[in-house]
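The block underneath contains the structure these notes are about, expressed in structure tokens.
The values are calculated or read from the model by the stated rules, or taken from the named source; none is laboratory data. Since the structure is predicted, the reported quantities are computational estimates derived from the model, not experimental observations. Cβ sites come from the backbone with ideal geometry, for glycine too, and all protein chains shown count toward neighbours. With ligands, DNA and RNA removed, areas are computed over all heavy atoms of the protein, side chains included. Shrake-Rupley method; radii C 1.70, N 1.55, O 1.52, S 1.80 Å.
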Amino acid sequence: MVPARHGDRPDLVLRDLLQRQGLRRRGRGRGLRTHPALTFTACRVTRFPLNPVGDISVTQHVRKPARNRLIAAGALCAATALALTGLTAGSASAAPSSQLRADYNGDGYADLAVGVPGATVGGKAGAGYVNVVWGGASGLGKHGSATVSQATTGVPGTAEAGDKFGKAVDSNDMNGDGYADLVVGAPGEDIDAALDAGTVTIVWGSASGFKGGFTAASGNGEARGYGAVLTTGDFDRDGDNDIALNTHFDETSSLAMRPGPFTAGSPATLSRIQGWHFAGPTVVTSGDFDGDGGDDIALAYDGMEISGTQVLSRASGAWKTTWSTGDTTSSALAAGDFDGDGTDDLAIGNVQPNPEWESTACEDRLGGAVLTVFGKKGGALGHGGFSCTTQDSPQVGGTAEADDNFGAHLASANVDKDGIDELIVGADTEAVGTAEKAGSYWVLAALGTGEHLVGPSFTQNSTGVAGNAEAGDRLGAAVTTGDYNGDTYPDIAVGAPGEDGKGGVWYAAAPKDGPNPPVTSVTPGKLGLSGSVAYGTVLGR
């Protein structure tokens, strides 16, 4: 647990910690910098199994003075909230469109997509839906929400038992009209006689809410499972966003690309990105890991006597592995510029070793560990070194215990707007006191390039957070970020699918310069949702 000198005020604990280390605020309190007297002179050669394809020695340069960036703790004791229901955009303004990744109605506020793949739709158990909570000036929970399923007018398909619509959810402008669109996986979708063939569907955003949809990919055989994992980006650099998704056939699995554009008559042929025999992708994300301004793919895979994590780029016209390791994860990858050098770094959550490798980057993994791999301006991912963060790392809230699941869920955002991203970490099986699997989450910041992350933890027992930490709540089972209240500061959303047996999502608004916003929670009951199961398990990006 966080040291109890200030009771359950981790923000004051962190403040005192910074003062003891000689750290001070600059500017208007929106970030913490290293005191000029503190310098780091390390320049060391480290050999580790995290290489830009191949076992090479990497020289790690730590900046001098290093930027010891701990986010203002006030930004961590923020709010939790969710949504109300409504089928069209809540309080959308007349604004034409937005550059926010998840602004589906173009009103200038990010919206939150909550996938509920186990939901009952029209009496069909497990048909699944996506509930979209509209953002607005008051944040989440005050501007209505919309529920989208295969029973929604204009959305392709039919809601059937076990479709799992909403198993994976991403957001991007897939048709170039300026509005974010929903990209939804339904790996349990049956196509004719092919059971669990799976589909990936795009639901179009517009000024008045969602307007119809498009089938981007359909499994062409039994147990293909399309849509279990996916991400979006312009991977082939042609100006149209693409979709990367899982595929499966017999004893082989692949990650494949469905290229844009997504229009009637456009080619729907999938092209292979990477494939495995007796293994498959477990999680995938996108980011600019080489600093060239284009979208790259990071993926983790696992199988029989094989596992690993890779970064791939198609900048040259063909897929090329630019970085790889034998360490893997079954649930979480996040891209973010954690050291502020202008290049995306990669966080691998709840990292696990390859059983066939003699070494691993994170030897200490009690309760879970986050492996952060740093890029370098003008270099490649891994050239900035790496770090491992656990609850036993210095200045990290909590205590590492078996089965905490620390790092099993990740997101990133520059929540204090200092130009350097923070890492949001969920541990949904963390015990809080005697409450098993009550769950917790962290907002962590890197001490510098190649250094571990630091920051306090938060639970439903933290001051100002609504509710009480109870066994099975699983707070932290999903995390995501977005500017839901339009103040230009990214906010945080945290899922708790076990809350009161139905689930919920906690909305943490960034406090900026004033007092911490009140922490609230909205459950499916408050939303007026029916058929919901484990609400908060899947949060869209």
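So the values come out like this:
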read-out: Solvent-accessible area of LEU140 with every protein chain in place, 1.4 Å probe, in Å² to the nearest 10; value: 10
read-out: Distance in nm between pseudo-label sites at ASN468 and ARG272 (7 Å out along the Cβ direction from Cα); value: 5.6
read-out: Candidate aspartates and glutamates for bridging to LYS437, where Cα separation is under 16 Å - those fewer than 8 sequence places away on the same chain excluded; value: GLU401, ASP403, ASP404, ASP428, GLU470, ASP473, GLU499, ASP500
read-out: Between the range 120-154 and the range 185-222, the alpha-carbon center distance in angstrom; value: 16
read-out: Reachable aspartates and glutamates, given that their alpha-carbon falls under 16 Å from the alpha-carbon of LYS376 and they are not under 8 places away in the same chain; value: ASP288, ASP290, ASP292, ASP296, ASP337, ASP339, ASP341, ASP344, ASP345, ASP421, GLU451
read-out: Pair ASP513, SER208: separation of 7 Å Cα→Cβ label points (nm); value: 4.2
read-out: Principal axis dimensions, the range 464-524 - Cα atoms, whole angstrom, descending; value: 35, 20, 17
read-out: Sequence-distant residues sharing a close amide H with ASP234 (under 5 Å, placed H); value: ASP242, ASP295
read-out: Virtual spin-label span in nm between SER330 and ASP292, 7 Å along Cα→Cβ; value: 3.5
read-out: Within the range 366-399, backbone nitrogen closer than 20 Å to the virtual label 7 Å beyond the Cα of THR321 toward Cβ; value: 371-375, 380-386
read-out: Length added when fully stretched, ASP500-ASP487, from 0.36 nm per residue minus Cα-Cα; value: 1.5 nm
read-out: Sequence-distant lysines (8 or more away, or on other chains) whose Cα lies within less than 22 Å of LYS142; value: LYS502, LYS512, LYS526
read-out: Additional length obtainable on full extension of the chain from SER530 to PHE249, 0.36 nm per residue less Cα span; value: 97.6 nm
